[in-house]
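The values are calculated or read from the model by the stated rules, or taken from the named source; none is laboratory data. Every value quoted in this text rests on a predicted model; they were computed, and no experiment measured them. With ideal geometry, Cβ positions are generated from the backbone for all residues, glycine too; neighbour counts draw on all protein chains shown. With ligands, DNA and RNA removed, areas are computed over all heavy atoms of the protein, side chains included. Shrake-Rupley method; radii C 1.70, N 1.55, O 1.52, S 1.80 Å.
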Amino acid sequence: PTAGPAMPGMEILAETNIWPDVEPVPCWQREMRAYYGQMERLATAVMLSLGRSLGIGDGVLSSRFGGGNSTLRLLNYPRPPGDMQIFDELPDAEGRAGEGPSLAAGRHTDAAGVSLLWQRQPGLQAQCAEGVWRDVPAIDNCVSVHLGDVLEIMTDGRVPATPHRVLDLGGGRQSIGFFLEPALGARLSTPEPLSASREAEAGRGTYAWHLLRRLNGYDGNADLVPYPE
């Protein structure tokens, strides 16, 4: 959904859901929809609970997520080909390999408000405030909770996003991530409606604006994703 002010480029953020022509197993689509709904309710409960602990009313947060843009992703990390490795640190200017553990996914925070991650194999790590990396155990029928950039913005940094990464343990890896996201046009840091005199700036500060800035900053994306003015 793109409720709220539109801005150039935001259409690339509204992905069309495509179901397989043949279900992998009977009732697969129904079960995926049910899982999505369950994760959405759980993530919303976590978000509202955190808001209450800070004195933020439910309506202030939930109003931005009405008709939101939440995503459920079935993630697969195949074993890298040959001796290819991703390290915790990027190569330096001379091209020398970085140091640190070999990774399947480097350090990052999620753009969403709340992320709920299930992992079939271990490897997920979260970074605490002191900078120490801690293993997130793979436990049957459990998900780990990660707070995202949206919640950090909406709480003025009082609820920081959770840095996390995935170690390459030498084999393939499967996981499922649910990402609770607001509507693309929802304003994150300014809850009050903008005046008519600021209509030209209406898209600034929206979730779409933050996503486009983030995507534009990735290597190789500058010419593919417009930078939001």
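Structure above, values below:
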| item | result |
| --- | --- |
| Of all residues making up the range 154-166, the number that are of a type outside the set (S, T, N, Q) and crowded, with 19+ Cβ neighbours inside 10 Å | 6 |
| The range 188-229 - residue that is modelled with pLDDT of 75 or more, more than 10 Å from GLY9 (Cβ to Cβ) and hydroxyl-bearing (Ser, Thr, Tyr) and, of those, most open to solvent (accessible area, probe 1.4 Å) | TYR218 |
| Matching residues, the range 3-52, being in a loop (DSSP other than H, G, I, E, B), at pLDDT 90 or above and surrounded by 11 or more Cβ atoms within 10 Å (Cβ to Cβ) | GLU23 |
| Tabulated pairs, the range 51-76, first without any contact (Cβ under 8 Å) to a residue 60 or more places away in the chain, second open to solvent by less than 70 Å² (accessible area, probe 1.4 Å), C-beta under 7 angstrom, 6+ apart or interchain | ASP58/LEU48; ASP58/GLY51; SER62/LEU48 |
| Any pair with Cβ under 9 angstrom, 6 or more apart, that starts in the range 142-154 at a residue that is of a type in the set (A, V, I, L, M, F, W, C) and ends at one that is open to solvent by 40 Å² or more (accessible area, probe 1.4 Å) and not in a helix (DSSP H, G or I) | CYS142/TRP118; VAL143/TRP118; LEU147/PRO160; LEU151/PRO160; ILE153/SER189; MET154/SER189; MET154/PRO191 |
| Long-range neighbours under 9 Å by Cβ, at least six apart or interchain, first residue touching a residue at least 40 places away in the same chain (Cβ under 8 Å) within the range 206-219, second in a helix (DSSP H, G or I) and open to solvent by 30 Å² or more (accessible area, probe 1.4 Å) | HIS210/ASP149; HIS210/ILE153; LEU212/ILE12; ARG214/ASP149 |
| Qualifying positions in the range 146-191 - farther than 21 Å from LEU42 by Cα and not in a loop (DSSP other than H, G, I, E, B) | ARG165, VAL166, LEU167, ARG173, GLN174, ARG187 |
| Positions within the range 148-185 being within 25 Å of GLY203 (Cβ to Cβ) and of a type in the set (A, V, I, L, M, F, W, C), in sequence order | VAL150, LEU151, ILE153, MET154, VAL159, ALA161, PHE179, LEU180, ALA183, LEU184 |
| Selection count where residues are touching a residue at least 24 places away in the same chain (Cβ under 8 Å) and of a type outside the set (Gly, Ala, Ser), scope the range 19-50 | 10 |
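A quick yes/no check of all residues on (1) closer than 18 Å to GLY157 by Cβ; (2) open to solvent by 60 Å² or more (accessible area, probe 1.4 Å); (3) in a strand (DSSP E or B):
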{"residue": "LEU103", "(1), (2), (3)": "no, no, yes"}
{"residue": "ARG107", "(1), (2), (3)": "no, yes, yes"}
{"residue": "ALA112", "(1), (2), (3)": "yes, no, no"}
{"residue": "LEU116", "(1), (2), (3)": "no, no, yes"}
{"residue": "GLN121", "(1), (2), (3)": "no, no, no"}
{"residue": "GLN125", "(1), (2), (3)": "no, no, yes"}
{"residue": "ALA129", "(1), (2), (3)": "yes, yes, no"}
{"residue": "ARG134", "(1), (2), (3)": "no, yes, yes"}
{"residue": "ASP140", "(1), (2), (3)": "no, yes, no"}
